[in-house]
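Structure, as structure tokens:
The values are calculated or read from the model by the stated rules, or taken from the named source; none is laboratory data. Just so it is clear, the structure is predicted and the values come from calculations on it, not from any experiment. Because the Cβ atoms are built from the backbone with ideal geometry, glycine has one as well, and the counts that use them run over all protein chains shown.
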Amino acid sequence: MPAWTLSDLMSNATAALGNRVDIAASTVSFWVNQAYEDVWNILPHDQHEAIAVSSTTVNEDKLGLPSDFLSLIVLSNTSRSNALLDPINQDQIAAFSASSGQPTHYAQFSSWLELRPVPDSAYSLELRYRKLRSELTLTTDTPSVATRLRPAIYHRAVALLAQNVTLDSAKAIEATTGFRQALAIPSDRALRTRDQHALGCSLSWRGRTGLTSRSSFDLSVT
């Protein structure tokens, strides 16, 4: 299975445009990274998610967010049996008392979270969050998505180069079709939900009959 490194993506994208080796490598890399950004944001996937643990400071209501933070999934207090903190908005947090205590609520603002009540001790808080992608800079770099999702980056890169560099509308349409087909697979989240067996049906033992029927469910299934 191909790894789809930055080099693979760049060389195959220019080949799909008619072996356009005349396009500057920096231009091709730019549009490959933009294609990577598009795929990263469209599909939910495992490598989107990360965990960070931070400690509060006494009488300090702000908790800094990780540098690669994109959006928050859940915030829990691991010092208190993983109790979840409830999200509120800035208007609500402004109405909270400034008294100190164990944080039970938070509001996101700028590059930090504001906690209420204001921490009266050093609490360990665990952030589960979605992170920003890392840039593909070295030709050996690989996108931080599952290998099965990387062909979508290739098709998207071809479409973007055709739209913005070679100005080939027919190739752009063709590549966009390939991009949509490459995305028509279960996301990591869908696979995870499937594997959790959220819905299922089973019998306690084979041949069991129902309360109002003398026939076995097994025998009625063909």
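Just a yes or no: is a residue in the stretch 45-68 modelled with pLDDT of 90 or more, β-branched (Val, Ile, Thr), part of a loop (DSSP other than H, G, I, E, B) and within 22 Å of ASP168 (Cα to Cα)? Full working, then the answer.
The first filter runs over the stretch 45-68 and keeps only residues modelled with pLDDT of 90 or more, leaving 50-68.
Of the ones still in play, those that are also β-branched (Val, Ile, Thr) are 51, 53, 56-58.
Subset that is part of a loop (DSSP other than H, G, I, E, B): 56-58.
Filter once more, so that each one left must be within 22 Å of ASP168 (Cα to Cα): none.
Within the stretch 45-68, not a single residue is modelled with pLDDT of 90 or more, β-branched (Val, Ile, Thr), part of a loop (DSSP other than H, G, I, E, B) and within 22 Å of ASP168 (Cα to Cα).
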- request: State all residues of the stretch 29-51 that are of a type outside the set (A, V, I, L, M), in contact (Cβ under 8 Å) with a residue 24 or more places away in the chain and surrounded by 14 or more Cβ atoms within 10 Å (Cβ to Cβ); if no residue qualifies, say none.
  value: SER29, TRP31, ASN33, GLN34, TYR36, GLU37, ASP38, TRP40, HIS45, GLN47, HIS48, GLU49
message: Quick test for you: out of SER26, SER54, SER67, pick the one residue that is at negative phi, surrounded by 15 or more Cβ atoms within 10 Å (Cβ to Cβ) and of a type in the set (S, T, N, Q).
response: SER54
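Can you tell me how many residues within the stretch 84-99 are crowded, with 16+ Cβ neighbours inside 10 Å and farther than 26 Å from LEU132 by Cβ?
Residues of the stretch 84-99 that are crowded, with 16+ Cβ neighbours inside 10 Å, as a first pass: 85, 88, 93, 96.
Next, from what is left, pick out any that are farther than 26 Å from LEU132 by Cβ: 96.
Residues that pass the stated criteria total 1.
Inside the stretch 141-222, counting only helices (runs of 4 or more DSSP H) that do not spill past its ends, which hold 1 or more residues that are at pLDDT 60 or above? Steps first, please.
Details: elements: 150-164, 169-183, 188-195, 217-220.
Result: 150-164, 169-183, 188-195.
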query: Taking the stretch 153-182 only, how many residues are over 13 Å from THR14 (Cβ atoms) and either free of Cβ contacts under 8 Å to residues at least 40 places away in the same chain or in contact with a Lys or Arg (Cβ under 9 Å, 6 or more places away or on another chain) (or both)?
result: 16
Unmet criterion (only one of (1) of a type in the set (Gly, Ala, Ser); (2) modelled with pLDDT under 95; (3) loosely packed, with under 14 Cβ neighbours inside 10 Å; (4) at negative phi) for SER81: (4)
query: For GLU126, which of the numbered conditions (1) in contact with a Leu (Cβ under 7 Å, 6 or more places away or on another chain); (2) part of a strand (DSSP E or B) fails to hold?
result: (1)
- line: Within the stretch 9-21, residues of a type outside the set (Gly, Ala, Ser) and touching a residue at least 12 places away in the same chain (Cβ under 8 Å) come out as LEU9, MET10, ASN12, THR14, LEU17, ARG20
Cross-chain or 6+ apart pairs with Cβ under 6 Å, the stretch 116-132 first and over 20 Å from PHE96 (Cα atoms), then among the small types (Gly, Ala, Ser) and surrounded by fewer than 15 Cβ atoms within 10 Å (Cβ to Cβ): ALA122/SER55; SER124/SER55; ARG130/SER71
message: I need the full set of residues from the stretch 93-114 which are within 15 Å of LEU65 (Cβ to Cβ) and not in a loop (DSSP other than H, G, I, E, B), in order please.
response: TYR106, ALA107, GLN108, PHE109, TRP112, LEU113, GLU114
